[in-house]
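Single-structure report; data block below.
The values are calculated or read from the model by the stated rules, or taken from the named source; none is laboratory data. All figures in this text were calculated on a predicted structure; none of them were measured in a lab. As a convention, Cβ positions derive from the backbone with ideal geometry for all residues, glycine included, and neighbour counts pool all protein chains shown.
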Amino acid sequence: MFALKVARRYLTSNPAQTVLLVTGVALGVTVFIFITALIEGLAVRLTDEVTANSAHVSLEPATRLAEILPGDPAVRTEGVALVSTFQRRQIRAWRSTAELITRQPGISALSPQISGNAFLVKGEAVQPVSVTGLEPEGLDAITPITPNLVAGQGALGADGLLIGTQLAEDLGLTAGQPVLLRTDRGGERLLTVRGVFKTGLQSLDSRVAFLSLQTARPLFDLPEGVTNIEIKLDDPGRAREVADFLAGATGLRATPWQDKNLNLEDALEAQGRTGTLIQIFSLISIIIGVASALVLSAYRRRSEVGIMRAFGISGGFIVAVFMLQGLLIGLAGGLLGCVSGYGLCSFLASLTDAEGNAPLPIAPERGGYVAVLILTTIGAVLASAFPARSASRIDPLEAIQQ
Amino acid sequence: MSRVLQARGIVMTFRNGDEETEVLRGVDVELATGELVALVGASGSGKSTLLSILGLLLRPTAGEIEIAGQRVEGMSERARAAFRNQRLGFVFQFHHLLPDFTAMENVAFPAAAPAGGITPDMRRRALSLLDRVGLADRADFPATRLSGGQKQRVAIARALMNKPDLIIADEPTGNLDLRSAGQVLDLMGEVNREDGGTFLICTHDEHVAARCDRRIQLVDGRVQPQDEGSDHPD
Ligand SMILES: Nc1ncnc2c1ncn2[C@@H]1O[C@H](COP(=O)(O)OP(=O)(O)OP(=O)(O)O)[C@@H](O)[C@H]1O
Ligand SMILES: [Mg+2]
C-alpha cells in the first residue's frame, strides 16, 4: 500500500522526532502497565491472604421465616419478618449434600462442621471461644492448622482440642494440659489441649478452638446434623457463581467469601477506581501527544500535501497517510511500552526486603498488555484523525502561492 | 486541428468582505493539440488566476471550460481531482518536490498514489521520463540533493507522468538561473515537438515567450488581441 509507504517515509524522515514520540507513547503505556500490574497484584495479594485461611463458600441452613401475608408492597417486609424458632437450625442431610457438592467442578475441598459458642474454663480463668467441630482428616481443608502448630500435634482424637497461641496464653495453657469446655447448649466436657497453633490471624489465634466432629456432637446436642459446610474452590474468583448455584441446588444459604469480607471488596473497588483513573489519564496523555505531534507534522507538510492535492491525489489518500502514521506510532509505542512495562514490573516484583517478601505486590503477568496495546493503537489512530482530516482539506492553491 | 482546451467568458471576481476585485473580465482561451503557448501580462494582470482556473484548482465566477472534450463546470471536487490527476500536468515556479522521496519516486507519485503502489510499468515510465529530462543518473537521489534546475526538470517529468492532455506551467523558469532556465525551456520545447504535448506557460521572460508558438496577453483582465499588432502599428 502506497499510503503506508508514504507514512513510513514521513516517520523515518525525522527520526529524532519519531523516536521521541514513540518513547512518549511507550512511557504512557509503561505507566498504564505498571498501575494495572500493581492494582491487580495488590488485589491478588489481599485476596490470597483472605482466601488462603478461610472458606470460599459457606453453606448454612436458610433462615426460616414465619409466613407473611402479602400486603401493601410499600411496607418493608423485613419490618414484620419473624424468624421461626420452633426447629433447630441444622443441615440434616449433610452427607448427600456433601456428595452433591464434591461432584461439582472446581471444588478443591469441603468440610462439614459443627460450629457453636462455648467457654473454656481453666481454674478461675474463663474465655469465650468459637468452637469448630470438624472431621479430623479434614483439619487443614479450610484453614491450614497443622503447618502452623507451634506446640503439640494435630491429632484430635476423641477428647482432643486445638487452640491458638493467644488463647493458650490467656488461659495459661500448653499442649497436653486438660481444660473444661462448656457449650451454649449446656454440654460440658474435660478435653485435652493437643496442640497450639499460630496462624497470624488475630481472630483465629485468640478465639477459635478445633475439635473433632464426633466430640462436638453431644456437646452441641446435634446427633446427626451439622451446622455448616465450608467449601474451598480452585478459583476463589468464582465463589459468587458457585454460591448461587449451590444455593439453588441445595436450598441452603450459600455465602461467598466476598460477602463476609465486604470491607475488602470495598477497598479493592476503590483501588480499582484509582487505577482506572490513572489508566485513563495515561491514555489521554498518549492521545494528546500523538495528536499534537501529527498536527505539527501536518502543518509543516502543508505545501507538500497541497501539491499532492494539485496533482489530483485524493483526500482519502492523505487521510490514510496521516492515520497510518498514527497507527504506526501507536503500535510501535505500544509494543515498546509493553516490553518496558513488563521489564519494569518484573524487576520490581523481583525485589525483596530483608525477610524475603516482595515490598510491592506487583503481578507482572497481569499488566493488561493486550488491552493497553489495543487501546493505545486505537487511541493513536483516533488522535491522528483530526490532523489527517485537516491535512486532506488543504487548498492546493495555498501551497502553490506561498 | 483538434482542440485541447476551450474556455469562454471566464470571469473571476474575488470577494473580501465588501471589497470586490474583478481580476478576469471575460477571458476566452483556445488551445489546439500540440501547441506551446505563452501566457504573458503585467504583474497582477491575472495570469496565475487564469491558470488556476484552467487547471481546475479554482472555480471561476462565470465562464465555460472544456478540456479534452469534457465540460468541467458541473464536476464535483472529487471528479475535478481525478480529472487533474489523469488529464493535467502542473509545473510551478517552485518545484514543490516531495523532499522525503527520490527523484524516481517523485516522478511516479501522481500515478502511484491512486494505484496504491509503484508498479514495474510506472517505474519504467518514470525512469524513461527522467532519462528524457537528462537525469537518468539521478533517479535514486533524494529530491533534496538535486540542484534547483534539476529539481525543476524532475518536476516537469512528474507533470508528464500520467500522459496529460495539457501541461500548465506557472513561471517554470522564474526561479532558475539563465542556464538552468534555458535547459528547462529546451526540455519543454522538445517534449512539445517530439511527444506532441500541449503547454500553456505563464512567464515574464521574453526569451521564454519568444520560443513559444504564440502568446496570449492579459491586459486588465481581458485577452489583448494579438493579430500581428507589432507588425501593423496604428
Ligand atoms: N484570493 C484572492 N483574493 C483576492 N484577490 C486575489 C486573490 N488571488 C489573486 N488576487 C488578485 O488578483 C490579481 C491577479 O493575481 P494573479 O496572481 O493572477 O496575477 P499574476 O498575473 O499571476 O501576477 P504575477 O505576474 O505577479 O504572478 C492580483 O491583483 C491579486 O491581488
Ligand atoms: Mg502569477
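Of all residues in the stretch B:35-52, those that are away from chain A (no Cβ under 14 Å) have Cβ atoms under 6 Å from Cβ atoms of residues that are in a helix (DSSP H, G or I), 6 or more apart or on another chain, in B:Leu36/B:Asn192; B:Ala38/B:Ala209; B:Leu39/B:Lys47; B:Val40/B:Ala209; B:Gly41/B:Lys47. Looking only at residues of the stretch B:1-30 that are acidic (Asp, Glu) and without any contact (Cβ under 8 Å) to a residue 24 or more places away in the chain, we find that the one that is nearest to B:Glu64 (Cα to Cα) is B:Glu20. State all residues of the stretch B:110-128 that are within 22 Å of B:Thr198 (Cβ to Cβ) and facing chain A (nearest Cβ under 8 Å); if no residue qualifies, say none. Selection gives B:Pro110 alone.
Within the stretch A:248-303, being farther than 23 Å from A:Leu27 by Cβ, touching a residue at least 60 places away in the same chain (Cβ under 8 Å) and of a type in the set (A, V, I, L, M, F, W, C) holds for A:Ala249, A:Leu252, A:Ala254, A:Trp257, A:Leu264, A:Ala267, A:Leu268, A:Ala298.
Under the condition of being among the aliphatic types (A, V, I, L, M), within 13 Å of ligand 2 (Cβ to nearest atom) and in contact with a helix residue (DSSP H, G or I) (Cβ under 6 Å, 6 or more places away or on another chain), the residues counted in the stretch B:25-56 number 2. Scanning the stretch A:10-22 for residues that are farther than 15 Å from A:Arg300 by Cα and surrounded by 15 or more Cβ atoms within 10 Å (Cβ to Cβ) yields A:Leu21, A:Val22.
Residues that are away from chain A (no Cβ under 12 Å) and under 17 Å from B:Ala126 (Cβ atoms) within the stretch B:62-105 comprise B:Ala103, B:Met104, listed in sequence order. Residue check: A:Arg182 meets all listed conditions (1) out of contact with any Ser or Thr (no Cβ under 6 Å at 6 or more places or on another chain); (2) within 30 Å of A:Arg45 (Cβ to Cβ); (3) at pLDDT 90 or above; (4) among the basic types (Lys, Arg) but one, namely (2). Is it true that B:Gly17 is within 13 Å of ligand 1 (Cβ to nearest atom) and at pLDDT below 90? When the stated conditions are applied, B:Gly17 passes them. A count restricted to the stretch A:268-312 and to residues that are surrounded by fewer than 23 Cβ atoms within 10 Å (Cβ to Cβ) and touching a Lys or Arg at 6+ places or on another chain (Cβ under 9 Å) stands at 0.
Filtering the stretch A:221-238 to residues that are at pLDDT below 90 and buried (at least 19 other Cβ atoms within 10 Å of the Cβ) leaves A:Leu222, A:Pro236. All conditions but one from (1) modelled with pLDDT of 85 or more; (2) in contact with a Leu (Cβ under 8 Å, 6 or more places away or on another chain); (3) of a type outside the set (D, E, K, R); (4) surrounded by fewer than 16 Cβ atoms within 10 Å (Cβ to Cβ) apply to B:His204; the one that does not is (2).
Of everything listed in (1) of a type in the set (Phe, Trp, Tyr); (2) surrounded by fewer than 21 Cβ atoms within 10 Å (Cβ to Cβ); (3) in contact with a strand residue (DSSP E or B) (Cβ under 7 Å, 6 or more places away or on another chain), the single unmet condition for B:Phe90 is (2). Pairs are defined by a Cβ separation below 7 Å, a sequence spacing of at least 6 or placement on different chains, a first member in the stretch A:172-192 that is more than 22 Å from A:Leu149 (Cβ to Cβ), and a second member that is of a type in the set (Gly, Ala, Ser); the pairs so defined are A:Arg182/A:Ala118; A:Thr183/A:Gly116; A:Thr183/A:Ala118; A:Asp184/A:Gly116; A:Asp184/A:Ala118; A:Arg185/A:Gly116. Restricted to the stretch A:235-327, the set of helices (runs of 4 or more DSSP H) holding at least 3 residues that are more than 14 Å from every other protein chain (Cβ to nearest Cβ) and under 21 Å from A:Leu4 (Cα atoms) comprises A:262-300.
Do you know which residues across the stretch A:8-43 are closer than 23 Å to A:Leu283 by Cα and within 14 Å of chain B (Cβ to nearest Cβ)?
As a first pass, look at the stretch A:8-43 and keep what is closer than 23 Å to A:Leu283 by Cα: A:11, A:16-43.
Matches in the stretch A:8-43: A:Leu11, A:Gln17, A:Thr18.
Within the stretch B:29-44, the set of residues being more than 8 Å from ligand 1 (Cβ to nearest atom) and either farther than 28 Å from B:Val184 by Cα or not acidic (Asp, Glu) (or both) comprises B:Val29, B:Leu31, B:Ala32, B:Thr33, B:Gly34, B:Leu36, B:Val37, B:Ala38, B:Leu39, B:Val40. Scanning the stretch B:129-184 for residues being assigned to a loop (DSSP other than H, G, I, E, B), within 16 Å of ligand 1 (Cβ to nearest atom) and under 30 Å from B:Arg3 (Cβ atoms) gives a total of 4. The set of residues in the stretch B:188-211 being within 16 Å of ligand 1 (Cβ to nearest atom) and either on the phi > 0 side of the Ramachandran plot or among the hydroxyl-bearing types (Ser, Thr, Tyr) (or both) consists of B:Thr203 alone.
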